[in-house]
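Here is the structure we will look at.
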Amino acid sequence: MLERSELADNALQALHDEDYDRPFNTQTLNADTLIFTRGRPGQSLDGDWNFCVDLLDTGLRQKWFAVTPEEPEERIEPWDYDPYMGETVPVPSCWQMQKEKWYFFEGSAWYTRPVDHTSKPGRRQVLRIGAAQYDCKVFLNGTFIGNHYGGSTPFCVELTDTLQAGQNWLMLCVNNTRTLDRVPMRNTDWFNYGGVYREVTLFDLPQTIIRDMFVRLEEGHVRVSVRVDGADQAAHLSIPELGVETPVPLTGGAGDITLDISPELWSPDHPKLYDVHLTAGEDRVSDRIGFRSIRREGTEILLNGDPIFLRGISVHEDDEETGKVTSEEDLRRRFSHAKELGCNFLRLAHYPHHERAAELADELGLMLWEEVPVYWAIDFANPDTLRDAANQLRELVRRDRNRASVIIWSIGNENPDTDARLEFMRHLAELAKSEDPTRLTSAACLVNHARLKIEDRLAAHIDIIGLNEYYGWYEENFEELGEIGRNSAPDRPVVISETGADGDSSAKGPERGLFSLAYQEEVYQKQIATLRELSYVKGMSPWILYDFRVERRQGIFQRGWNRKGLIAADKDTKKPAFHVLAAYYAERAAQEEQRAASRKGPPA
Ligand code: GCU
């Protein structure tokens with residue numbers, strides 16, 4: 001008779017314990033456990049990991065994380081999974097794109113890989129996961145280390161005290177189940193991918209760790225704020241091109257200095273970046289920083305003091321082949337198409353995109369709207385939901401607030417105007433400002449159709465009113481759009497954060513009517529003809545650059561895709577509406593150049 005281990009006894013008990021996951025939903029990995037990682041060398045843990053889907057959470061119930069490696073014929077318990085052998089998937093990836101049998105899988109999945117470690121006295125090891133959709137529980141050598149909520153923001157976990165010399169086993173339990181206490185909640189118009197879909201890196205660090213460095217132009221001066229773990233002497237800041245070599249005094253690990261320098265200003269036409277280095281003890285980080293100001297004055301958006309019009313387009317993170325995984329090639333293609341469209345702006349909808357997007361936008365001279373997925377129906381009265389949303393916002397801001405390209409933090413999309421929502425969103429708007437007073441806040445609001453006005457109580461708490469309107473598509477009476485325009489007198493800028501129509505560019509697409517390319521083109525023509533007359537509209541990010549995958553679109557012209565792209569899902573086939581918008585943006589760009597020239601006055 002086989003000896004029963006205490007793990008096996010547990011496996012029997014766990015069959016009747018529906019509270020099995022409470023010990024692992026701690027949310028202990030969050031904005032406060034992030035470290036600054038730019039400019040740091042790290043060990044990539046990308047590549048093939050052992051993988052298993054786990055629909056009923058058998059792994060947490062049976063404690064698969066506590067199973068130790070063993071030859072199958074030596075095992076004394078009939079485990080339902082052996083983490084050390086079996087199928088593998090590449091990291092980063094979305095499991096839906098790896099095998100047909102996982103296309104609609106929603107639940108937990110286990111990732112396991114070995115990590116070799118040579119112990120070095122006085123050094124610390126921190127693991128960083130670029131993103132895991134949706135929540136992630138981290139185990140090392142059978143020990144539960146921590147848990148992160150949030151499907152699109154990075155998180156860090158210190159492994160120092162659990163790593164052992166030689167071989168270690170790292171396990172991640174990732175769960176993409178939609179729930180009622182998070183953002184987004186259960187209903188989204190984008191595909192519910194799952195998995196570790198951004199890079200995993202292990203950092204070997206000194207005792208003193210630089211947790212954060214925030215460098216920005218604030219009220220006309222360059223300010224630098226740093227936070228350092230375990231420091232007892234000043235940090236040192238260097239910006240060689242500006243002749244800056246200065247100590248940053250620390251009090252309780254925090255330092256904040258203002259520099260008397262006048263850097264060249266960053267703008268889409270002049271995307272100037274400076275190398276910035278910070279050392280503290282033996283730790284050292286660096287970043288490439290652009291200095292610029294963005295603010296609003298009445299209904300104007302001012303970049304470095306000059307009024308601008310945001311010629312934008314919305315984008316999802318989505319790809320026919322890779323799902324939500326972003327590659328350098330995919331990003332460069334996205335930005336190249338946006339520039340071809342005549343854009344100086346992109347709305348990265350509806351969640352934080354890969355951090356490389358903002359880094360590349362810094363280099364290429366594109367402005368960005370970044371957003372947390374407070375999307376459609378949310379349980380605004382639930383404190384757990386607010387905790388999740390606030391943490392994701394803080395993680396996004398901490399990750400990208402050194403990026404000059406990011407000019408807008410958006411705290412939501414198309415939420416109903418209720419008291420609970422107003423209280424929830426007011427908190428997020430204030431949080432965004434407290435984390436970063438140098439950027440504008442917004443949200444994609446809805447038109448008040450009953451009163452045919454741009455009217456949302458949230459508008460008083462954000463700098464820019466994002467407006468999603470689909471006259472010509474969901475709203476059929478186009479004349480109302482003009483009426484809304486005339487009825488409204490917003491006291492701050494409006495950006496049309498979404499408008500558009502589906503166009504099926506495949507051979508199955510209709511010649512005319514809804515879902516035809518001709519009708520999509522007509523909607524763009526009519527939208528532009530109306531919107532161009534509204535003086536308080538200071539930007540647009542029509543929906544959307546590319547067709548994208550979504551479960552809820554199963555019409556004969558959709559076939560699992562939202563076809564509002566100006567370019568088809570092949571990220572190559574441009575639709576006629578692309579050229580309509582491009583022509584409008586070319587006209588606007590020419591007008592702006594003339595205005596800029598007249599501001600400068602005649603050449604000397
Ligand atoms: C909504 C929503 C988008 C959605 C789009 C559509 O406004 O914000 O996420 O994809 O409309 O219906 O296509």
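A few remarks follow.
- Taken over the stretch 553-567, the residue count meeting the criterion of being within 11 Å of the ligand (Cβ to nearest atom) and outside any loop (DSSP other than H, G, I, E, B) is 2.
- Residues that are hydroxyl-bearing (Ser, Thr, Tyr) and in contact (Cβ under 8 Å) with a residue 24 or more places away in the chain were ranked within the stretch 296-339; the one that is nearest to the ligand (Cβ to nearest atom) is SER314.
- Output for the stretch 506-515, where each listed residue is within 16 Å of the ligand (Cβ to nearest atom) and either more than 15 Å from TRP561 (Cα to Cα) or of a type outside the set (Phe, Trp, Tyr) (or both): LEU514
- Cβ pairs under 9 Å, 6+ apart, first in the stretch 17-40 and under 18 Å from PHE65 (Cα atoms) and open to solvent by 50 Å² or more (accessible area, probe 1.4 Å), second part of a loop (DSSP other than H, G, I, E, B) and of a type in the set (A, V, I, L, M, F, W, C): none
- Test: residue in the stretch 422-441 that is in contact with a His (Cβ under 7 Å, 6 or more places away or on another chain), open to solvent by 20 Å² or more (accessible area, probe 1.4 Å) and either within 21 Å of ASN402 (Cα to Cα) or away from the ligand (no atom under 15 Å from the Cβ) (or both): yes
- Per this entry, ARG186 is counted among residues that are of a type in the set (D, E, K, R), surrounded by fewer than 18 Cβ atoms within 10 Å (Cβ to Cβ) and touching a residue at least 40 places away in the same chain (Cβ under 8 Å).
- Selection status of ALA529, open to solvent by less than 30 Å² (accessible area, probe 1.4 Å) and either farther than 30 Å from ARG486 by Cβ or more than 28 Å from the chain's Cα centre (by Cα) (or both): no
- Contact map, the stretch 464-483: residues that are over 10 Å from GLU498 (Cβ atoms) paired with residues that are surrounded by 14 or more Cβ atoms within 10 Å (Cβ to Cβ) and β-branched (Val, Ile, Thr), Cβ distance under 6 Å, separation 6+ or inter-chain. Pairs shown: ILE464/VAL495; ILE465/VAL494; GLY472/VAL523; LEU481/THR530; GLY482/THR530.
- The residues on offer are ALA450, ALA432, ALA443, and the sole one that is aliphatic (A, V, I, L, M) and in a loop (DSSP other than H, G, I, E, B) is ALA450.
- Single residue of GLY565, GLY560 found to be farther than 30 Å from GLU297 by Cβ, in contact with an Asp or Glu (Cβ under 6 Å, 6 or more places away or on another chain) and open to solvent by less than 30 Å² (accessible area, probe 1.4 Å): GLY565
- Filter result for the condition that a residue is within 16 Å of the ligand (Cβ to nearest atom), of a type in the set (A, V, I, L, M) and within 22 Å of ALA583 (Cβ to Cβ), over VAL495, VAL550, VAL537: VAL495
- Candidates are the residues of the stretch 87-123 that are at pLDDT 95 or above, out of contact with any strand residue (DSSP E or B) (no Cβ under 9 Å at 6 or more places or on another chain) and open to solvent by 70 Å² or more (accessible area, probe 1.4 Å); the one that is farthest from ASN50 (Cα to Cα) is PHE104.
- Enumeration of residues in the stretch 250-273 that are among the hydrophobic types (A, V, I, L, M, F, W, C) and over 30 Å from SER336 (Cα atoms): LEU250, ALA254, ILE257, LEU259, ILE261
- Among the residues making up the stretch 461-492, those that are within 16 Å of the ligand (Cβ to nearest atom), surrounded by fewer than 22 Cβ atoms within 10 Å (Cβ to Cβ) and either at pLDDT below 95 or not hydroxyl-bearing (Ser, Thr, Tyr) (or both) are ASN468, TRP473, GLU475, GLU476.
- Number of residues in the stretch 504-526 that are touching a strand residue (DSSP E or B) at 6+ places or on another chain (Cβ under 8 Å) and more than 26 Å from GLY485 (Cα to Cα): the value is 5.
- Single condition ARG403 does not satisfy, out of (1) of a type in the set (D, E, K, R); (2) open to solvent by 20 Å² or more (accessible area, probe 1.4 Å); (3) in a loop (DSSP other than H, G, I, E, B): (2)
- Boolean, ASN168 is touching a residue at least 12 places away in the same chain (Cβ under 8 Å), not in a strand (DSSP E or B) and not β-branched (Val, Ile, Thr): no
- Residue check: ALA501 meets all listed conditions (1) farther than 21 Å from LEU341 by Cβ; (2) within 16 Å of the ligand (Cβ to nearest atom); (3) of a type in the set (A, V, I, L, M) but one, namely (1).
- Entry remark, the stretch 215-227: residues being of a type in the set (A, V, I, L, M, F, W, C) and open to solvent by 10 Å² or more (accessible area, probe 1.4 Å) number 1 in total.
- Residue in the stretch 449-460 that is least open to solvent (accessible area, probe 1.4 Å), counting only those that are away from the ligand (no atom under 16 Å from the Cβ) and over 27 Å from the mean Cα position of the chain (by Cα): LEU452
- Of all residues in the stretch 340-394, those satisfying the criterion of being within 16 Å of the ligand (Cβ to nearest atom), closer than 27 Å to ARG311 by Cα, part of a loop (DSSP other than H, G, I, E, B) and open to solvent by less than 30 Å² (accessible area, probe 1.4 Å) are ALA349, HIS350, TYR351, PRO352, HIS353, VAL372, PRO373, VAL374.
- Restricting the stretch 568-579 to residues that are within 30 Å of PRO307 (Cα to Cα) and surrounded by 19 or more Cβ atoms within 10 Å (Cβ to Cβ), the residue that is nearest to the ligand (Cβ to nearest atom) is ALA577.
- Flag if GLY194 is more than 17 Å from ARG38 (Cβ to Cβ) and surrounded by 15 or more Cβ atoms within 10 Å (Cβ to Cβ): yes
- Neighbours by Cβ (under 6 Å, 6+ apart or cross-chain): first from the stretch 211-237, of a type in the set (S, T, N, Q); second in a strand (DSSP E or B): SER225/PHE214; SER225/ASP256
- Screening SER505 with (1) open to solvent by 10 Å² or more (accessible area, probe 1.4 Å); (2) hydroxyl-bearing (Ser, Thr, Tyr); (3) in contact (Cβ under 8 Å) with a residue 24 or more places away in the chain; (4) out of contact with any Ser or Thr (no Cβ under 6 Å at 6 or more places or on another chain) gives one miss only, at (4).
The values are calculated or read from the model by the stated rules, or taken from the named source; none is laboratory data. Computed from a predicted structure; not experimentally measured. Virtual Cβ from ideal backbone geometry, glycine too; neighbours counted across all protein chains shown. Accessible surface is based on the protein model in full, side chains and every heavy atom, while ligands, DNA and RNA are left aside. Shrake-Rupley method; radii C 1.70, N 1.55, O 1.52, S 1.80 Å.
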